[in-house]
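**Student:** Here it is: the structure, laid out below.
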Amino acid sequence: MIKEAEEREVVTVRKKGENIQGYKSHDKNTFLVDEDIIGLDANVLVDMVEFQEFKEEVKANVELGVLKIYTTNIALGEARHVLVKKRNYQFDKATNALSNILKEFNIQTIKHQPESNALAEQWVSVVKRQIYIKKFGTFVNDCRILSNLHYRAKVNLYITEDTDLEKAVKILKLPLRVKIIGEASNLSGQKISEFFKENRKAYRKR
């Protein structure tokens, strides 16, 4: 059930140099729904594998009014690649760790379809004319992941570390919300907790 427009408060955590910063912003949201359908990007999956405290905070956050949680086969592949190439996991260990996260959170995995991937390419063409994209190589895949999640699984809330994707959603005026969370390894437990606590408060105000 769609609600009438209402103001929401967004709390974003960033790492700048050695300092962890948080800031608040307010905007009007005309597509609030009774239950959130959450999509997770590859880096969030990696952090859920690597950092127990981060995983527990995600669990506490998503239990509030969440209908389902989704990711894609490509996001899973990217997450495994990061675990193997950057976090020194063996392939089988990385695969099993991600599988355990999927089971624990009942995360559904959808496969990319050509139509949604093609739509993502159109998004990229529009967005790159309006902003400088810092990590263009990964941005294209991120758009494909988001396109498949939104149009095939009806995801209306996407959790990511990619600030360019947040900007892209605004440029494209897509009817979904993006939560930016800093890489868990750069955040203290207190800051992780504060991030989710503030967003839980915002949810209760609906």
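FYI, it's all coordinate maths here, none of it is from the lab. Nothing here was measured: the structure is a model prediction, and the numbers come from that model. Using ideal geometry, Cβ is built from the backbone for each residue, glycine included, and neighbour counts are taken over all protein chains shown.
**Student:** Of all the helices (runs of 4 or more DSSP H) wholly in the range 83-173, which have at least 1 residues that are farther than 30 Å from residue 35 by Cβ and more than 19 Å from the chain's Cα centre (by Cα)?
**Tutor:** Per the criteria, 91-105, 114-127.
**Student:** Sticking with this one: Please enumerate the residues belonging to the range 147-181 that are closer than 12 Å to residue 110 by Cβ, surrounded by 22 or more Cβ atoms within 10 Å (Cβ to Cβ) and aliphatic (A, V, I, L, M).
**Tutor:** Result: 149, 155.
**Student:** To continue, here is another question. Is at least one residue of the range 35-54 aromatic (Phe, Trp, Tyr), under 14 Å from the mean Cα position of the chain (by Cα) and over 24 Å from residue 151 (Cβ atoms)?
**Tutor:** There is at least one residue in the range 35-54 that is aromatic (Phe, Trp, Tyr), under 14 Å from the mean Cα position of the chain (by Cα) and over 24 Å from residue 151 (Cβ atoms).
**Student:** Filter the range 148-179 down to residues that are touching a residue at least 40 places away in the same chain (Cβ under 8 Å) and of a type in the set (Val, Ile, Thr), then give me how many there are.
**Tutor:** Residues that pass the stated criteria total 4.
**Student:** Scan the range 132-155 residue by residue and report those that are in contact with an Asp or Glu (Cβ under 7 Å, 6 or more places away or on another chain) and of a type in the set (A, V, I, L, M, F, W, C).
**Tutor:** 133, 139, 145
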